[in-house]
Amino acid sequence: MSVASSKALEPRHTAPLSVLVGAAAGLQNAVVPVIAIAFGTGTTGFGVLIALGVGGAILAVAALFSYIRWKRLTYTIGIADIRVESGVLSRSARSVPYERIQDVSLEQKLIPRLFGLVAVKFETGAGGGEDLSLSFLREDDGEELRQLVRTRRDEEAQGIAAAAGKEPADAAPVEEAEPLFTMGPGRLFTFGLFEFSLAVFAVLFGLMQTAGSFIDFEFWDADFWLSWFVDEGSNLTDQISGASTGVQALGAIGALVGLFVVGSATGMFRVFAREWGFLLEQTARGFRRRRGLFTRTDVVMPIHRVQGVKLGTGFVRYRFGWHNLRFVSLAQDLGASSHVVAPFARLNEIAPIVEAAGFHLPDENADWHRATETYLFDNALSDAMFFLIASGIAFTTTSIYAPEWTTLAAGIPLVLAGISALANVLAWRYQRHALDDTQIMASKGMLSPRSQIATRMKLHSVQISQGPIARFRGYATLHLGQAGGQFSIPGIPVERARQVRREVLETIAATDFSQLERA
């Protein structure tokens with residue numbers, strides 16, 4: 001029976017196939033114990049029988065508990081809210097009014113996806129673990145439930161508006177999607193080249209460390225591994241020293257190439273697994289993003305939840321013109337990855353997305369302001385102080401116990417202090433902010449620039465803070481109150497900070513937030 005045709009206020013269960021998903025999770029948990037028992041018993045045939053018996057018992061217990069959890073989990077679609085009751089020994093019930101539900105997203109991890117199931121997540125904008133989830137429904141039922149909750153939410157909002165004597169908002173139009181950004185296999189391959197990762201080595205080392213406890217084999221036995229490369233009775237040092245310089249160089253290059261290939265392959269796998277089928281669309285309700293090879297996610301971000309945008313890049317990819325775009329949104333602590341809308345794009349591809357969210361990228365006429373030079377000096381001195389102290393200690397110590405090393409020991413920290421000061425000067429040139437009629441922008445970073453943009457009317461507060469040094473030196477940090485994120489501009493002149501605060505507060509005071517359109 002479909003969700004839409006079910007009787008109102010009647011508790012119902014999730015899809016029966018959810019029991020198999022829980023059993024499959026138990027099968028995953030049985031893999032390591034089964035392998036450990038099979039190798040640890042010593043007798044292969046007997047060990048396999050014991051391992052299979054233990055694995056079957058774990059699977060049976062997992063299936064039983066999965067069935068009980070499924071039987072005790074019900075949800076009710078009411079007139080004004082949705083209610084979920086769960087728990088075996090201790091029951092819990094949670095009810096969320098439709099008016100509090102920002103939107104409904106669907107997620108498919110690998111195993112539920114094989115059974116045609118989805119997890120339905122009701123986003124309330126509260127953040128953390130406050131959002132409600134329902135696992136698992138059939139794909140069609142999940143989509144019907146999402147549309148039904150949206151309809152009930154819109155009806156609830158119209159009823160509240162009518163009771164308050166306001167003009168009810170028009171019903172949401174039929175959802176038509178306009179593609180904004182997509183990534184095909186070619187783009188993913190290019191993206192993967194920049195996602196170098198050595199995580200695979202950490203996993204392998206961890207497996208080798210734990211596998212030794214139930215396998216009679218020493219992974220860390222140097223003599224065993226050297227025997228692969230050294231002839232019996234020979235000495236490794238003699239063989240290496242006897243090789244020509246060219247052979248040694250080729251060996252080092254081969255090792256570096258192998259390291260690069262493994263790291264690139266690991267990054268490539270991560271990119272394809274996370275971003276496969278990436279599609280960002282603009283709908284009547286906001287932005288809809290779908291992606292994932294093994295775990296498929298379908299997330300909708302209403303426009304009214306977007307509080308700002310962040311533009312970032314990396315040291316290498318910046319040289320090739322690649323950037324990423326994130327939304328600063330309500331419930332930001334759900335995870336930054338939930339708000340990525342363009343993971344790997346050119347600026348001309350990012351600009352339309354930013355404009356669709358109600359922002360705009362700074363143009364060449366932007367009125368940029370840098371931090372004060374006194375802030376630059378204080379910051380550079382603060383960062384270099386560690387090296388200066390280290391240089392003084394090294395000079396004092398070596399002049400007493402090792403005078404011949406005094407120049408070197410004291411000189412290296414001084415050189416590092418100079419490099420730190422130079423880095424601060426260069427970074428200061430790229431640390432700036434600008435204010436226009438509708439938004440405030442800030443950017444920083446020389447090697448990998450990062451920018452943040454916020455709409456003035458969506459800011460909640462503006463605060464000027466000064467420590468003892470900043471108060472004496474005449475600069476301040478401007479903290480902009482932004483829902484779901486942090487936005488601070490350090491080291492600006494006090495008069496400039498007051499001017500920005502005055503103009504932003506004028507915009508906030510002139511905005512009637514009750515009249516803002518809810519997408």
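Residue 290 - would you say it is assigned to a strand (DSSP E or B), among the basic types (Lys, Arg), open to solvent by 20 Å² or more (accessible area, probe 1.4 Å) and at pLDDT 90 or above?
yes
Is at least one residue of region 91-99 open to solvent by 50 Å² or more (accessible area, probe 1.4 Å), touching a helix residue (DSSP H, G or I) at 6+ places or on another chain (Cβ under 6 Å) and outside any loop (DSSP other than H, G, I, E, B)?
yes
Does region 359-382 contain any residue that is under 29 Å from the mean Cα position of the chain (by Cα) and assigned to a helix (DSSP H, G or I)?
No, region 359-382 contains no residue that is under 29 Å from the mean Cα position of the chain (by Cα) and assigned to a helix (DSSP H, G or I).
Within region 459-468, can you find the residues that are exposed (fewer than 13 other Cβ atoms within 10 Å of the Cβ) and assigned to a strand (DSSP E or B)?
461
Residue under question is residue 475, and the condition is that it be aromatic (Phe, Trp, Tyr), without any contact (Cβ under 8 Å) to a residue 40 or more places away in the chain and in contact with a Gly (Cβ under 8 Å, 6 or more places away or on another chain); does it hold?
So residue 475 does not fit the description; no.
In region 158-188, how many residues are within 31 Å of the chain's Cα centre (by Cα), modelled with pLDDT of 55 or more and in a loop (DSSP other than H, G, I, E, B)?
Residues that pass the stated criteria total 5.
Filtering region 392-434 down to residues that are open to solvent by less than 50 Å² (accessible area, probe 1.4 Å) and not small (Gly, Ala, Ser), which residue is farthest from residue 447 (Cα to Cα)?
398
State all residues of region 460-502 that are among the aliphatic types (A, V, I, L, M) and modelled with pLDDT under 90; if no residue qualifies, say none.
Result: 483, single match.
Please work out if residue 260 is at pLDDT below 90, over 22 Å from the mean Cα position of the chain (by Cα), among the aromatic types (Phe, Trp, Tyr) and open to solvent by 20 Å² or more (accessible area, probe 1.4 Å).
Yes; evaluated as a whole, the condition is true for this residue.
If you go through region 335-357 one residue at a time, how many are modelled with pLDDT under 90 and surrounded by 15 or more Cβ atoms within 10 Å (Cβ to Cβ)?
So the answer is 2.
Answer yes or no: is there a residue in region 358-367 that is open to solvent by less than 30 Å² (accessible area, probe 1.4 Å) and either touching a Lys or Arg at 6+ places or on another chain (Cβ under 7 Å) or modelled with pLDDT of 90 or more (or both).
Within region 358-367, one or more residues are open to solvent by less than 30 Å² (accessible area, probe 1.4 Å) and either touching a Lys or Arg at 6+ places or on another chain (Cβ under 7 Å) or modelled with pLDDT of 90 or more (or both).
Note down all Cβ pairs under 7 Å where the first residue falls in region 1-24 and is open to solvent by less than 30 Å² (accessible area, probe 1.4 Å) and modelled with pLDDT of 90 or more, the second is of a type outside the set (Val, Ile, Thr) and part of a loop (DSSP other than H, G, I, E, B), and they're at least six residues apart or on different chains.
14/73
Which of the residues spanning region 469-493 are assigned to a strand (DSSP E or B) and closer than 14 Å to residue 453 by Cα?
479, 480, 481, 482, 485, 486, 487, 488, 489
Can you tell me which residue is farthest from residue 102 (Cα to Cα) among those in region 266-287 that are open to solvent by 60 Å² or more (accessible area, probe 1.4 Å) and out of contact with any Leu (no Cβ under 6 Å at 6 or more places or on another chain)?
Among those that are open to solvent by 60 Å² or more (accessible area, probe 1.4 Å) and out of contact with any Leu (no Cβ under 6 Å at 6 or more places or on another chain), it is 269.
From (1) at pLDDT 70 or above; (2) surrounded by fewer than 18 Cβ atoms within 10 Å (Cβ to Cβ); (3) within 30 Å of residue 20 (Cβ to Cβ), pick out the condition that doesn't hold for residue 155.
It fails just one condition, (3).
Restricted to region 35-90, and to residues that are within 21 Å of residue 12 (Cβ to Cβ), open to solvent by less than 60 Å² (accessible area, probe 1.4 Å) and in a helix (DSSP H, G or I), which residue is modelled with the lowest pLDDT?
Here the answer is 66.
Among the residues of region 442-449, is any closer than 30 Å to residue 351 by Cβ, at pLDDT below 90, crowded, with 17+ Cβ neighbours inside 10 Å and of a type in the set (D, E, K, R)?
Checked against the condition, which is being closer than 30 Å to residue 351 by Cβ, at pLDDT below 90, crowded, with 17+ Cβ neighbours inside 10 Å and of a type in the set (D, E, K, R), region 442-449 yields no hits at all.
The values are calculated or read from the model by the stated rules, or taken from the named source; none is laboratory data. Predicted, not measured: the structure shown is a model, and the values here were computed from it. Neighbour counts run over all protein chains shown; Cβ positions are idealised from the backbone, glycine included. Side chains included, ligands, DNA and RNA excluded: accessible areas come from the protein's heavy atoms. Shrake-Rupley method; radii C 1.70, N 1.55, O 1.52, S 1.80 Å.
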